[in-house]
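Beneath this line is the structure, given in structure tokens, with notes to follow.
Read-outs: derived from the displayed coordinates by stated rules, not from any lab. Note that this is a predicted model, so its numbers are computed, not measured. Note that each Cβ is placed from the backbone with ideal geometry, even for glycine, and that neighbours are counted across all protein chains shown.
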Amino acid sequence: MTGPAYTADLKEVLTGDRDARFVWLCNFEVENQWAREYVGLPAARVSATSATVQRMEELGVLLAEPADCLLLDRPLDDGYRRYVEKTGLGAPVELVTRAPAGADGTSQAVLDSPELMDRLRRIARDGAYLMPMGNSPLEQRIAQETRLRPAVPDAATYERVNSKIYSRRLAGELGLREIPGFCCETVPQLRHALDQALSDGEPVIVKDAYGVSGKGLLVLDSRKKADRLLRMVERRAGNTGDDAMHVVVERFLPKRFDLNYQFTIDRAGRVRLDFVKEALTTGGVHLGHVMPAALTPTQHETLAEAAEALGGRLHKDGFFGVVGVDALVAADDLVYPVLEINARLNMSSYQGRATEQFMAPEGAALARHYPLRLTAPVAFDEVAGALGALAEPPSAGTGVVITSFGTVNAQSGASVPFDGRLYTLLFAERRAELAALDQRVAHALGRFATTERKP
């Protein structure tokens, strides 16, 4: 086995050099930076799961190659690093910030770490690239101050193409089948959109232009709820003297399932469709993926054509790199190829190397996380002990890969008990076998599901 080519292929697309050395920065909350100048729905700024999202940066350990570096605000658990090495994928060099990240994430923590910045300057002298999940002014400043070469477009381009308003307008301009809805950039536009969308009595969804994974999303299933929202935003506009409002309003469509597909645009504008997966979601919150997606050849071709069209336009607008797109198959089997464009790395991107390494040619895979309920932090070896043989690397297209362990203890100290997440990839020879494997993993982790747990 020569090992997976997924990351080397990505490096070639972005830099022209399959052997380029990347410094990975998995800044999962980069949308917060893009959203800073855009008024959205009235909501609390701090999420209860923000600590968990911060620790998801550890997902980069399986995407980075051994010669690469991974920026982290905490070192990997020693047992987990040994586990990653055991998979045969190898673990990158860890570059850890001086102190744990605060509200602005690891990027700011890197900038606040003089010794680490000096080390990045030394790495930059050998021609290394900075590879963030998405680029914002913080990541751009790291590249400028260390002279790491950016492997991605500039921050302004990322901000422009990652708005849900941009997504809707682009789909309309390209003639792609759209979810009925509206783009709103002022409070009066929102009132008009809700009046129109609720006229038939069906519920609608209001989404922040830069919301992500269930944040900045509101379901309105009655006129009463819509009027309550309008009163809140009109009061805010009156207090600030600014009626700006950056949201989209969309109707609900009966659907068979959600989709996520990824394509990559090289610097010359060539587009490559990487994969299509069924997305598992609840209330707009991403829970995982099943692959391959259960699509007909015609449905797959619809997505391939959409990827080509979207990629060409994104490149014209200055973007190159990885693009993830949310889509759906409606109850009538029609494909709606653009719910929103996420022109950045996404959860599926981080699974690429492991999927290529362990998924059988005709096999299936399930990406999901398991909730743990803990009274105290646990070490990776304790979780591996509970999994037993399931903690061994997959063999013959069957088994489990743990893709992030830091998320297990991310919320420790906030409360007792606290909630943790163990992120995984499950592999089986056939899709029907994934459910049984899933049940085995959930049962093995059952000891962590109660508030009373013996050491």
- Task: Rank Trp24, Leu287, Ala330 by how far each Cα sits towards the positive end of the charge dipole of the chain (+1 on Lys, Arg Cβ; -1 on Asp, Glu Cβ) and give me just the farthest.
- Result: Leu287
- Query: Measuring from label point to label point, each 7 Å out along Cα→Cβ, what is the Arg313 to Arg373 span in nm?
  - Reply: 4.7 nm
- Note on the structure: The distance between the Cα centres of segment 309-382 and segment 121-144, in whole Å, is 24 Å
- Note on the structure: Rounded to 0.05, the calculated FRET efficiency for the beta carbons of Arg431 and Asp332 at R₀ = 30 Å is 0.80
- Message: Place a point 7 Å from the Cα of Arg141 along the Cα-to-Cβ direction; which residues of segment 85-114 have their backbone N under 14 Å from it?
- Response: 102-114
- 17 Å cut-off, amide nitrogen to a point 7 angstrom out along Asp9 Cα→Cβ, residues in segment 309-346: 321-325, 345-346
- Query: For the pair Val219 and Glu85, how long in nm is the line joining their label points, each one 7 Å along Cα→Cβ?
  - Reply: 4.7 nm
- Task: Arrange Cys183, Cys26 by Cβ neighbour counts within 10 Å, fewest through most, would you?
- Result: Cys183, Cys26
- Note on the structure: For Arg21, Arg231, ascending order of other Cβ atoms within 10 Å (fewest first) is Arg231, Arg21
- Between the alpha carbon centres of segment 176-195 and segment 223-254 the gap in Å comes to 11 Å
- With each label point set 7 Å from Cα along the Cα-Cβ vector, what nm distance links Arg18 and Leu287? 4.0 nm
- Query: Where in segment 17-41 does the label zone of Asp126 land, with the point 7 angstrom along Cα→C-beta and an amide N cut-off under 13 Å?
  - Reply: 20-23
- Query: For Ala442 and Glu356 in one chain, what is 0.36 nm times their gap in residues minus the Cα-Cα distance, to one decimal in nm?
  - Reply: 28.5 nm
